[in-house]
Amino acid sequence: LVEETKHEKLHIREIEEKLKNREDKILRDLTDSNREINTQRDILNDERRKYELNKNRFEKLKQDEMNDIQRLKNEHNKNIQTFYEEQEIERSRLLKQRQLFNEEKTTFMKLKKEFEIEKDNLDENKAELEQERH
């Protein structure tokens, strides 16, 4: 019986030892798994942070480009408006210049006609005076 008890105790010790080894292995595996999970979570968080950073950079670049496009559109529209205003001012100036020229031409033609009439009158008077002298 003592021998059996010893044998039984030994068997129980072996089973307890196996159980303890198994528990230790499970704990090591769990610890390793936790480490791996933590490492994967850190990698994922790092990737997420990089993604957000790149996304924010992209959004900023996109907004800057949209602002540049809008600014260029506004400048272009302003330049076109200025061009048309300058063209209208030039047309108006040329129209006034033509009107002045036409008025001066009309005045000149009138004066020329008056001078011709006066010249003709003077020529007639001269002819009359020369006839009276003869």
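The values are calculated or read from the model by the stated rules, or taken from the named source; none is laboratory data. These figures come from a predicted structure and were not determined experimentally. Positions of Cβ are backbone-derived with ideal geometry, glycine not excepted, and every protein chain shown enters the neighbour counts. Surface accessibility is based on the protein's heavy atoms, side chains included, excluding ligands, DNA and RNA. Shrake-Rupley method; radii C 1.70, N 1.55, O 1.52, S 1.80 Å.
A simple spin-label model places the labels of residue 16 and residue 99 12.2 nm from each other, with each point 7 Å out along Cα-to-Cβ. Partner lysines whose Cα lies under 16 Å from the Cα of residue 60, excluding those fewer than 8 positions away in the same chain, are identified as 50.
Estimated at the nearest 10 Å², the accessible area of residue 50 is 90 Å² with a 1.4 Å probe. Residue 35 exposes around 140 Å² of accessible area when a 1.4 Å probe is run over every protein chain in place. Which lysines have a Cα less than 18 Å from the Cα of residue 110, not counting those fewer than 8 places away in the same chain? Candidates past the 8-residue exclusion: 119.
Surface exposure of the chain, expressed per residue as accessible area with a 1.4 Å probe, stands at 102 Å². The base-10 log of I(q)/I(0) for the chain, evaluated at q = 0.09, 0.13, 0.20, 0.23 Å⁻¹, reads -0.77, -0.94, -1.15, -1.22 [Debye formula, identical scatterers on Cα atoms, solvent excluded]. Listed by chain and number, the lysines whose alpha-carbon sits under 19 Å from that of residue 9, ignoring those within fewer than 8 places in the same chain, are 18, 20. Suppose only helical runs count, i.e. DSSP H with n ≥ 4. What mean residue ellipticity at 222 nm does that imply for the chain under -39500 (n - 2.57) per run, divided by all residues and rounded to the nearest 500 deg cm²/dmol? Per the formula, -38000 deg cm²/dmol.
Which value, in debye to the nearest 20, gives the size of the charge dipole of the range 1-87 about its Cα centre, when Lys and Arg are +1 and Asp and Glu are -1 at the Cβ?
On the way: 20 positive and 22 negative charges, 23 e Å.
With only Lys, Arg, Asp and Glu charged at Cβ, the dipole is about 120 debye.
Roughly how many Å² of residue 112 are accessible to a 1.4 Å probe, to the nearest 10? My reading of the accessible area for residue 112 is about 90 Å². Positive contributions from Lys and Arg (+1) and negative ones from Asp and Glu (-1), summed over other residues with Cβ under 14 Å from the Cβ of residue 127, come out at -3.
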